[in-house]
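Take a look at the structure set out below.
The values are calculated or read from the model by the stated rules, or taken from the named source; none is laboratory data. Since this is a predicted model, take the numbers as computed values, not measurements. No Cβ is skipped: glycine too gets one built from the backbone with ideal geometry, and neighbour counts run over all protein chains shown. Heads up: the accessible areas ignore ligands, DNA and RNA and are worked out on the full protein's heavy atoms, side chains in. Shrake-Rupley method; radii C 1.70, N 1.55, O 1.52, S 1.80 Å.
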Amino acid sequence: AMMDGSTTTKKHKQKRQKRSNNSNSNNSSDQQHRHQQPKQSSPKISPIEKQEIHQRKLDLSQQLRALSSQKRLTECLQLYNSPSHDELRDAHHGSIVVDCCARCG
């Protein structure tokens, strides 16, 4: 009876390995498609525009840090959530807001 149990276990392991191999090959092809897509869809931005966006990001960071240090949570959240900052907002700005939340309790 034990031999029968061990043979069914081996069969299950083989099926699992086949499934994991198939999913790995699918994932690698998905990753290749993901890497190619942004290159095709991203519009070209001039160096001047990049500088302006970078400066606006720095300005937003500075404003958020100032509000955080003054413990002005409501204003900090309003500034962060402003639709005018949709293209600027990133994880760094989010971390400043989290810092402000922590300071304000």
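Could you grab me the full set of residues in the range 92-102 that are closer than 13 Å to Leu58 by Cα and either open to solvent by 60 Å² or more (accessible area, probe 1.4 Å) or among the basic types (Lys, Arg) (or both)? Let's see the steps before the verdict.
Step one: filter the range 92-102 for residues closer than 13 Å to Leu58 by Cα, giving 92-93, 96.
His92 - this is the single residue of the range 92-102 that is closer than 13 Å to Leu58 by Cα and either open to solvent by 60 Å² or more (accessible area, probe 1.4 Å) or among the basic types (Lys, Arg) (or both).
For the range 57-91, give me the residue count where each residue is free of Cβ contacts under 8 Å to residues at least 12 places away in the same chain, farther than 15 Å from Cys101 by Cα and either open to solvent by less than 60 Å² (accessible area, probe 1.4 Å) or part of a loop (DSSP other than H, G, I, E, B) (or both).
Total meeting the criteria: 2.
Quick one: how many residues across the range 32-56 are assigned to a helix (DSSP H, G or I) and either at pLDDT 50 or above or open to solvent by less than 100 Å² (accessible area, probe 1.4 Å) (or both)?
In the first step, residues of the range 32-56 are kept if they are assigned to a helix (DSSP H, G or I); the result is 32-41, 47-56.
Then keep just the ones that are either at pLDDT 50 or above or open to solvent by less than 100 Å² (accessible area, probe 1.4 Å) (or both); that gives 38, 41, 47-56.
Residues meeting the conditions: 12.
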